[in-house]
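Presented below is the structure to which this report refers.
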Amino acid sequence: MNILIMGLGYVGVTTGLVFAELGWKVTGYDPDRQKVESLSQGALTFYEPGLDTLLDKHLAAGNIRFTAKPGIAIRENRVIFLCVGTPSNEDGSANLQYIRQAAENIGKLMREYKLIAVKSTVPVETNQKLAQWIQAAQPSPVSFDLVSNPEFLREGSALQDALHPDRIIIGGHNSLAIKQMKALYAQLNSPYFITEPKTAELIKYASNAFLATKISYVNELARLCDKIGVNISDVTEGMGMDRRIGHHFLKAGIGYGGSCFPKDIHALLHMASEYETSLSILEQVNQVNQTQIPHFIGIWEHKLSSFFGKKVAILGISFKPETDDIREAPSIAIMKTLLDKEAELKVHDPIAKLPAGMQSERLQQVNTLEEAVYGCDAVILCSEWEQYRAADWARLKTLMSGCTVFDGRNVLDGNRMAELGYFYHGTGNH
Ligand SMILES: NC(=O)C1=CN([C@@H]2O[C@H](COP(=O)(O)OP(=O)(O)OC[C@H]3O[C@@H](n4cnc5c(N)ncnc54)[C@H](O)[C@@H]3O)[C@@H](O)[C@H]2O)C=CC1
Ligand SMILES: O=C(O)[C@H]1O[C@H](OP(=O)(O)OP(=O)(O)OC[C@H]2O[C@@H](n3ccc(=O)[nH]c3=O)[C@H](O)[C@@H]2O)[C@H](O)[C@@H](O)[C@@H]1O
């Protein structure tokens, strides 16, 4: 079966390369010509470990190609994966304009049967709407099947996650379509959960919301730890030894960011309100996350007396390590607040760049960790790149003016930092 991927962002490119790796012929379509050109030349438009090698390999073997022309791409491929973005509307609901455009393109241009799988994260009942949009755009009726096939990969480990998924969720009504979907993934040896489309759609939101709940829970608990003088990391380590709880997603810090958790939680809350149901726990999850940064800035400001005129090194721009994605990155909100408080910022990230519109004479991105900390009063660690964990903190201290390190991700060894003469402040960390 030939596969068409519509939408060449993180999910689309990873999915396309994974299917190429599984032996299928893949075409990637995106209306963004620059993206298509760049991918066709073997250059990824974002940073993601392992994908560049796979892209080179499958371009050279002719297993994957990219196009900005939808007509031939839709006609030549029997299976279509929708991987377009579903960003937030002002009111928090999911913006379905790209999904709708893609559906209308398919309807308009298809000439024979298609199996269409939705990987984008979409609200319940979108599958049904998609069917209507496709039908309405068809010049004359042509049959198709629609299945919901949500994606669970994480940025930074996208390839591994997509090649070894914990589960493959398929929501569909037609058993033949489900059989074809299973055939596409057959080599992965992952368990399937087959259900109806709206259940599959909700599983995706419910999973992201549950992971975010774990994070906000420990972040709030860390505030208590700060007051009573125990280490949140010890608490979560002890908790995680209970296999019913596990160790995952219990790392306290400056809060969750990224292109999905904040957006999907808003979308789920909006969905609940449309169905006149309250998800009060999730509202609190969101609330705790939104207060995480002001909470820490308050503590840091108190420790430094004031940020006015202080030289501060910001380590890590991306919302997490191993990605250059800065969407909803906590570092950005921190930097904006510190600039308002008239601090001078030197910023470092191994890969990510400051957003183009973010400019100030008191803000400078530098190329090395040493340049960032040179002459600074304090360091704030915003994303836990390995380079920061493994840094020679004894040497870095000789470059700084002050000796304060605020570890927003709790990854440095507090005792060791104190031995080196730092004033170290983590999260719920003593
Ligand atoms: N980024 C992630 O780690 C994950 C994202 N998701 C979900 O997958 C979806 C895609 O996410 P990303 O890859 O991050 O999005 P993205 O924003 O990086 O990329 C979306 C792509 O879709 C293209 N596009 C827009 N309209 C189109 C159309 N009519 N036809 C074809 N392509 C079109 C855009 O040009 C863009 O290249 C979202 O719903 C997201 O919630 C799910 C799991 C993981
Ligand atoms: O729907 C999506 O887009 C994806 O969203 C998340 O993946 P991602 O946003 O790439 O990254 P995560 O590793 O989940 O981290 C999200 C945020 O939570 C923070 N986090 C994570 C774990 C933790 O213990 N503590 C914590 O603060 C991270 O620093 C980051 O800011 C989910 O983990 C994926 O399963 C899902 O497919």
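Here is a list: 320, 263. Which entry is touching a strand residue (DSSP E or B) at 6+ places or on another chain (Cβ under 6 Å), on the phi < 0 side of the Ramachandran plot and within 13 Å of ligand 2 (Cβ to nearest atom)?
On the way: 320 fails: touching a strand residue (DSSP E or B) at 6+ places or on another chain (Cβ under 6 Å).
Of 320, 263, the one residue that is touching a strand residue (DSSP E or B) at 6+ places or on another chain (Cβ under 6 Å), on the phi < 0 side of the Ramachandran plot and within 13 Å of ligand 2 (Cβ to nearest atom) is 263.
From the list 18, 11, 84, pick out the single residue that is assigned to a loop (DSSP other than H, G, I, E, B), under 24 Å from the mean Cα position of the chain (by Cα) and among the β-branched types (Val, Ile, Thr). I'd like the intermediate steps shown before the answer.
Working: 18 fails: assigned to a loop (DSSP other than H, G, I, E, B); 11 fails: assigned to a loop (DSSP other than H, G, I, E, B).
Within the list 18, 11, 84, the selection yields 84.
For segment 361-389, a tally of residues being under 15 Å from residue 317 (Cβ atoms) and assigned to a loop (DSSP other than H, G, I, E, B) returns 7. Here residue 45 meets the list (1) within 16 Å of ligand 2 (Cβ to nearest atom); (2) β-branched (Val, Ile, Thr); (3) more than 22 Å from residue 201 (Cβ to Cβ); (4) part of a loop (DSSP other than H, G, I, E, B) almost entirely, failing just condition (1).
Scanning segment 93-132 for residues that are touching an Asp or Glu at 6+ places or on another chain (Cβ under 6 Å) and outside any loop (DSSP other than H, G, I, E, B) turns up just one, 115. Hey, could you check segment 24-56 for residues that are out of contact with any Leu (no Cβ under 6 Å at 6 or more places or on another chain) and among the polar types (S, T, N, Q) and say which is nearest to residue 353 (Cα to Cα)? Ranking the qualifying residues of segment 24-56, first place goes to 45.
Any chance you could count how many residues in segment 178-235 are touching a residue at least 12 places away in the same chain (Cβ under 8 Å) and on the phi > 0 side of the Ramachandran plot? Within segment 178-235, residues that are touching a residue at least 12 places away in the same chain (Cβ under 8 Å) and on the phi > 0 side of the Ramachandran plot number 1. Checked against (1) within 19 Å of residue 5 (Cα to Cα); (2) in contact with a Pro (Cβ under 8 Å, 6 or more places away or on another chain), residue 85 passes all but condition (2).
Can you tell me which residue within segment 153-167, out of those that are within 14 Å of residue 18 (Cα to Cα) and either of a type in the set (A, V, I, L, M, F, W, C) or touching a residue at least 60 places away in the same chain (Cβ under 8 Å) (or both), is farthest from ligand 2 (Cβ to nearest atom)? Walk me through how you get there before you give the answer.
Filtering segment 153-167 down to residues within 14 Å of residue 18 (Cα to Cα) leaves 153, 157-165.
Adding the requirement that they be either of a type in the set (A, V, I, L, M, F, W, C) or touching a residue at least 60 places away in the same chain (Cβ under 8 Å) (or both) leaves 153, 157-160, 162-163.
Numbers: 153: 5, 157: 8, 158: 8, 159: 13, 160: 12, 162: 10, 163: 14 Å.
Here the answer is 163.
Within segment 20-36, being touching a Phe, Trp or Tyr at 6+ places or on another chain (Cβ under 8 Å) and more than 10 Å from ligand 1 (Cβ to nearest atom) holds for 22, 26, 27.
Among the residues of segment 405-417, are any buried (at least 19 other Cβ atoms within 10 Å of the Cβ), touching a Leu at 6+ places or on another chain (Cβ under 6 Å), in contact (Cβ under 8 Å) with a residue 12 or more places away in the chain and part of a strand (DSSP E or B)? Scanning segment 405-417, I find at least one residue that is buried (at least 19 other Cβ atoms within 10 Å of the Cβ), touching a Leu at 6+ places or on another chain (Cβ under 6 Å), in contact (Cβ under 8 Å) with a residue 12 or more places away in the chain and part of a strand (DSSP E or B), so the answer is yes.
Annotation note: of 47, 98, 29, the sole residue that is under 18 Å from the mean Cα position of the chain (by Cα) and in contact (Cβ under 8 Å) with a residue 40 or more places away in the chain is 47.
Can you tell me which of (1) part of a helix (DSSP H, G or I); (2) within 30 Å of residue 46 (Cα to Cα); (3) within 13 Å of ligand 2 (Cβ to nearest atom) is the one residue 257 doesn't meet? (1) is the only condition that residue 257 fails.
For residue 134, indicate whether it is more than 23 Å from the chain's Cα centre (by Cα) and either more than 10 Å from ligand 1 (Cβ to nearest atom) or not hydroxyl-bearing (Ser, Thr, Tyr) (or both). Yes; evaluated as a whole, the condition is true for this residue.
Taking the criterion of being in a helix (DSSP H, G or I) and away from ligand 1 (no atom under 16 Å from the Cβ), would at least one residue in segment 263-270 satisfy it? No, segment 263-270 has no match at all. Quick check, is residue 246 under 25 Å from the mean Cα position of the chain (by Cα), surrounded by 16 or more Cβ atoms within 10 Å (Cβ to Cβ) and either away from ligand 1 (no atom under 16 Å from the Cβ) or at pLDDT 95 or above (or both)? So residue 246 fails the test. Of all the residues in segment 378-430, those that are in contact with a Ser or Thr (Cβ under 9 Å, 6 or more places away or on another chain), at pLDDT 95 or above and of a type in the set (S, T, N, Q) number 1.
Residue 53: more than 9 Å from ligand 1 (Cβ to nearest atom) and of a type in the set (S, T, N, Q), yes or no?
Values: more than 9 Å from ligand 1 (Cβ to nearest atom): yes; of a type in the set (S, T, N, Q): yes.
For residue 53, the condition - more than 9 Å from ligand 1 (Cβ to nearest atom) and of a type in the set (S, T, N, Q) - is met.
The values are calculated or read from the model by the stated rules, or taken from the named source; none is laboratory data. Fair warning: this is a prediction, and the values are worked out from it, not measured in the lab. We place every Cβ from the backbone using ideal geometry, glycine too, and count neighbours over all the protein chains shown.
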